[in-house]
Amino acid sequence: MIKTYILLILLLVAPLVGCGGSRPSPEEVIAGAIDAINEVETYRFEMTVTVTQDGETNYGNMQGEHASPDRLHVIMTSDGDTQESIIIGENIYHRGFGSNSWEVGQSLAETAWATGLTRFLASTVEMLDTLVGVVELRDEKIDGVTCFHYRGSVDIEAQLEEQIANLDPTSPVYEDMLRYIEQQRQWQQVIEFWIGKKDHLLRQVDMQYEMVYTEDTGEDNEREERITATYTLRFFDFNQPIQIEPPIVDTTGGVNLLVTSTGSGAGCEDQHCQVDFDITITNQGLATARNVRVFIDSSATNQGLQTMEALPDEGPVDLSPDESTKFLASWECNLNGFSDEEFHQLVQQYVIWATWTDEVGQQHEKLLRETDETGAIIE
């Protein structure tokens, strides 16, 4: 019985001891993971997030793929809503919640966020090198790969001392900031991670956060708020073929103008004719089109092909989603040797286009309708 017990103990501790006492230390494994990053050209990742606050739990998910040196594709889902981003160098493209159109992002916040994500794997591995109290756990497999397995904690005290040192004591919010930082001494951040035994590539990170805030509600009353969060981050498909290309960007600013029109050449007398175009513009987009202007290109003029502006009853015109406005273009011309049939044919052949400004002040232009000599719409 004693021999059997000893044998079981040896079997349990064998994976932790290794062969011949040659098992590397956690510091050596993490250093190897940092070096292994330089050999990674592409990878994919997935992160799931669970946050509980005031008894309410929310879930989120982020999936992404990276191609060196600076291409990234990320899809984020939260509460059933999805947003998508593509980062290529300094260009950032977004497709927001509920939108099917890509837009170009330009804000400083977006740039900083993109820069952080393009170094996602590297920064995650480097973070492991700052953990304290790292202990070795039993080897485990992640996606079929045998991994070193560790647990450590974020050095909160060191982070807080650095934050305090960077505060400006002359700032009017110094005391509030100091009080906020001091509360963080109650926080706990435990990190568990898995690194491939053969290739030293980081395969998975589990992060558990417990944050406590004390809120002063007045009259010597304090309310404690506790937030717990769990992040599971998995890296996979290292150095697999991954192509990340720029999307087709929405150049309309979220505006979608549609047109209906009727044109006629009437009132012809002694070779003099009146041309009238009734045009209705409808915005079926998701954003407001400001200062909408409508133009018509026609050869039914005294000078051949000309551009005339169609005018609204009142201006300037701003079209909110699902709003419509009528525009009218009228001019006089001579037949100039054309028969009535030829003149009416010219009237029926035209181009209608519009310009507008989106909600951030960018100018846009769009061809709305083009017809052939028979008046048929050219698709």
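Each value in this text was obtained by applying a stated rule to the coordinates, not by laboratory testing. Given the structure is predicted, the values throughout are model-derived calculations rather than measurements. Every residue, glycine as well, gets a Cβ built from its backbone with ideal geometry; the counts of neighbours run over all protein chains shown.
Within a Cβ distance under 14 Å of Thr57, other residues only, what is the Lys/Arg minus Asp/Glu net charge? Write out the running numbers ahead of the final one.
On the way: positive: Arg226; negative: Asp54, Glu56, Asp79.
Local net charge: -2.
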Ser339 versus Ser22, label points 7 Å from Cα toward the beta carbon: distance in nm?
-> 9.9
Mind giving me the nanometre distance, one decimal, between the label points for Leu258 and Ile377, set 7 Å out from Cα along Cα→Cβ?
-> 0.9
Acute angle (nearest 10 degrees) that the helix 26-36 long axis makes with the longest principal axis of the chain, alpha-carbon atoms = 30
How long is the gain from Gln186 to Ser330 if the chain were fully straight, where each residue apart is worth 0.36 nm and the alpha carbon distance is subtracted?
-> 44.3 nm
Report the charge-dipole magnitude of the chain in Debye, nearest 20, computed about the Cα centre from +1 at each Lys and Arg Cβ and -1 at each Asp and Glu Cβ.
-> 2060
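How would you classify the chain from its alpha-carbon gyration tensor, with a ≥ b ≥ c the square roots of the eigenvalues: rounded for a/c under 1.5, else prolate if a/b is greater than b/c, otherwise oblate?
Prolate.
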Give the angle, between 0 and 90 degrees and rounded to the nearest 10, that separates the Cα long axis of helix 174-183 from the longest principal axis of the Cα atoms of the chain.
-> 50
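Could you give the dipole magnitude of segment 232-302 about its Cα centre, charging the beta-carbon of Lys and Arg +1 and that of Asp and Glu -1, in debye to the nearest 20?
The dipole of segment 232-302 has a size of about 480 debye.
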Gap in Å between the Cα centre of segment 356-379 and the Cα centre of segment 222-263?
-> 28
Compare the Cα positions of Phe236, Tyr59, Gly80 along the charge dipole of the chain (+1 at Cβ of Lys, Arg; -1 at Cβ of Asp, Glu; about the Cα centre) and return the one farthest towards the positive end.
-> Phe236
Go ahead and collect, in residue order, the members of segment 62-78 whose backbone nitrogen is under 15 Å from a label point 7 Å along the Cα-Cβ direction of Ile242.
-> 62-76
Could you pull out every residue, at least 5 positions away or on a different chain, whose amide H is within less than 5 Å of the one on Ala310? Hs are placed 1.01 Å off N in the peptide plane, and Pro or chain starts have none.
-> Val294, Phe295, Ile296
Once fully extended, how much extra length lies between Asp129 and Gln159, figured as 0.36 nm per residue of separation less the alpha-carbon to alpha-carbon distance?
-> 9.4 nm
Folded to 0 to 90 degrees: helix 108-118 orientation relative to the chain principal axis, Cα = 50
For the charge dipole of the chain, defined by +1 on Lys and Arg C-beta atoms and -1 on Asp and Glu C-beta atoms about the Cα centroid, which residue among Ile377, Tyr213, Gln303 has the Cα displaced farthest towards the positive pole?
-> Tyr213
Over the chain: helical MRE at 222 nm, DSSP H runs n ≥ 4 each giving -39500 (n - 2.57), nearest 500 | -6000 deg cm²/dmol
Mind listing the phi-derived Karplus ³J(HN,Hα) values for segment 62-77, rounded to whole Hz, using 6.51, -1.76 and 1.60 with θ = phi - 60°, and x for any glycine or proline?
-> 9, 10, x, 9, 10, 10, 5, x, 8, 10, 8, 10, 10, 10, 10, 10
If you take the square roots of the eigenvalues of the alpha-carbon gyration tensor of segment 22-236 and sort them as a ≥ b ≥ c, do you get rounded (a/c under 1.5), prolate (a/b over b/c) or oblate?
-> oblate
Provide the gained length on full extension for the span Thr52 to Ile75, in nm with one decimal, where the gain is 0.36 nm per separating residue minus the Cα-Cα distance.
-> 6.0 nm
